[in-house]
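Chemist: One structure follows; several queries about it will come next.
The values are calculated or read from the model by the stated rules, or taken from the named source; none is laboratory data. All of these numbers come straight from a predicted model, not from anything done at the bench. Cβ placement follows ideal geometry from the backbone for every residue including glycine, while neighbour counts extend to all protein chains displayed.
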Amino acid sequence: MIRSFFILILIIGFSSSLKSNEIAKQDIYKKIDLFGEVLDKIQSEYVDQIDQADVMDSAINGVLQSLDPYSGYMSPELFKSMQTDTRGEFGGLGIEIGMESGLVKVISPIDGTPAAKAGIKAGDYIIRIGEEQVQGKTLMEAVNLMRGEVGTKIKLTIRRKNIKKPIEFFIERKIIEVKSVEASILGKKRNVGYLRLKSFNENSDKQLFDKIKIFENKNKLIGYVLDLRNNPGGLLTQAISITDFFLENGEIVSTKGRKVSETRKFFARSGDGIKGKPIIVLINNGSASAAEILAGALKDHKRAIILGENSYGKGSVQSIIPLRNGGGMRLTISKYYLPSGKSISEVGVSPDILVKESENKFEINSSNDNQLNYALQLLQS
């Protein structure tokens, strides 16, 4: 009797589940019908003629961007140009941007590019590109507006925290060659290795390791400064490879997604590439994504001192998925977590030592770089 009752409950539960799924499907079909009706009304009654293909592209992008600020649709033209970004050369202004509450926000200006030289800063909000208002446009539309013929100039109007009036910048478009690593010997006694990592593209780890090998063979260094300021991130594989180089062992990062294949943990292999020498990592609000993985892992393992300002807080992994029309979609497939189990999404990595950027003609790796000067003093004290 009990067994029959239990089976009856299972049957009723299963039947209810099927009914719920059927209702959900019907609701989706109703929404699709509604979308078709809206599109027909726009086509027949909107004040201006419209291009239905453009409207559909915007609708697809709207679906993706409703998920999070980092997902989006790329037309075939944008998808083709995007593919050059991770190979180290592309045209434009040299800024990494994202969406926040419908606004285009600068994640980071890439060091040495026209945008960085003009004075664009991480955290700036772009409100106009040329004479076009940005609010209401998709991220990819904003990217497309900023791209153009090399040598031509474009006006960006931005809003900056604590400044009431908008600021205008006139910036010349150039071919952006991303040399992701710069290195030099610093310090009064020329005994500190300075490593500036600007991005994580497909050969960043090799560039960095080659520089360190030269330093280790020719110099008696007491430690390193690893500069991740204004590094917008890049390839996850590169972040893992470079973090692995500095860690003796232990977890680097974990990713968690809906699919089993997207839920993984990555660990360092045995061996510290600089044999335990002290490291100070510099970060700021322009340090994002892969840069935060590297800084966060070194902090959690107490392998480095983190100095500067709070990082951006982009704790998700996007996959670029090709589509049949030659375009593509950028879709968040997982979130990543530091060895401590903490997510940095919307929070970022906090520095061990807070040193705010000087307002007195601050420039990275210059005599006015108070954050770098502080790091050098710590290592040499």
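Chemist: Which of the following residues is surrounded by fewer than 16 Cβ atoms within 10 Å (Cβ to Cβ) and under 14 Å from the mean Cα position of the chain (by Cα): S358, S319, S311, S340?
Modeler: S319
Chemist: Exactly one condition in (1) touching a residue at least 12 places away in the same chain (Cβ under 8 Å); (2) under 18 Å from T332 (Cβ atoms); (3) assigned by TED's automatic domain parsing to the domain that holds R160 is false for Q65; which is it?
Modeler: (3)
Chemist: Go over the candidates N201, N217 one by one and state the one that is among the polar types (S, T, N, Q) and more than 25 Å from the chain's Cα centre (by Cα).
Modeler: Answer to the check: N217.
Chemist: Another one. Could you say which residue among T243, T263 is within 24 Å of S199 (Cβ to Cβ) and either touching a residue at least 60 places away in the same chain (Cβ under 8 Å) or not acidic (D, E) (or both)?
Modeler: The match here is T243.
Chemist: For the stretch 248-289, name all the residues that are over 23 Å from L379 (Cα atoms) and in a loop (DSSP other than H, G, I, E, B).
Modeler: Once the filter is applied, which keeps residues that are over 23 Å from L379 (Cα atoms) and in a loop (DSSP other than H, G, I, E, B), the stretch 248-289 yields N249, R258, K259, T263, R269, S270, N285, G286, A288, S289.
Chemist: Do the conditions hold for V317, that is, is it of a type in the set (A, V, I, L, M) and in a loop (DSSP other than H, G, I, E, B)?
Modeler: Against the criterion (of a type in the set (A, V, I, L, M) and in a loop (DSSP other than H, G, I, E, B)), V317 does not qualify.
Chemist: Here is a follow-up. Condition test on S367, is it buried (at least 19 other Cβ atoms within 10 Å of the Cβ) and either in contact with a strand residue (DSSP E or B) (Cβ under 9 Å, 6 or more places away or on another chain) or hydroxyl-bearing (S, T, Y) (or both)?
Modeler: no
Chemist: Given (1) in the same structural domain as G233 (by TED's automatic domain parsing); (2) at positive phi, identify the lone condition not met by N191.
Modeler: It is condition (2) that N191 fails.
Chemist: Mind listing just one residue for me: the one in the stretch 244-280 that is among the polar types (S, T, N, Q) and surrounded by 12 or more Cβ atoms within 10 Å (Cβ to Cβ) and, of those, farthest from G187 (Cα to Cα)?
Modeler: Going through the qualifying residues, I end up with T263.
Chemist: For the stretch 220-239, enumerate the residues that are crowded, with 21+ Cβ neighbours inside 10 Å and of a type outside the set (G, A, S).
Modeler: Y224, V225, L226, D227, L228, R229, N230, N231, P232, Q238 - these are the residues of the stretch 220-239 that are crowded, with 21+ Cβ neighbours inside 10 Å and of a type outside the set (G, A, S).
Table: residues versus (1) under 24 Å from L221 (Cβ atoms); (2) among the aliphatic types (A, V, I, L, M); (3) modelled with pLDDT under 90.
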residue: I158; (1), (2), (3): no, yes, no
residue: K174; (1), (2), (3): no, no, yes
residue: V178; (1), (2), (3): no, yes, yes
residue: V181; (1), (2), (3): yes, yes, no
residue: R196; (1), (2), (3): yes, no, no
residue: S204; (1), (2), (3): yes, no, no
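Chemist: Suppose we keep only residues that are of a type in the set (G, A, S) and farther than 21 Å from G94 by Cα within the stretch 172-219. Which one would you say is surrounded by the most Cβ atoms within 10 Å (Cβ to Cβ)?
Modeler: The selected residue is G193.
Chemist: Restricting attention to the stretch 33-53, report how many residues are closer than 22 Å to V63 by Cα, loosely packed, with under 10 Cβ neighbours inside 10 Å and either of a type in the set (A, V, I, L, M, F, W, C) or in contact (Cβ under 8 Å) with a residue 12 or more places away in the chain (or both).
Modeler: So the count comes out to 1.
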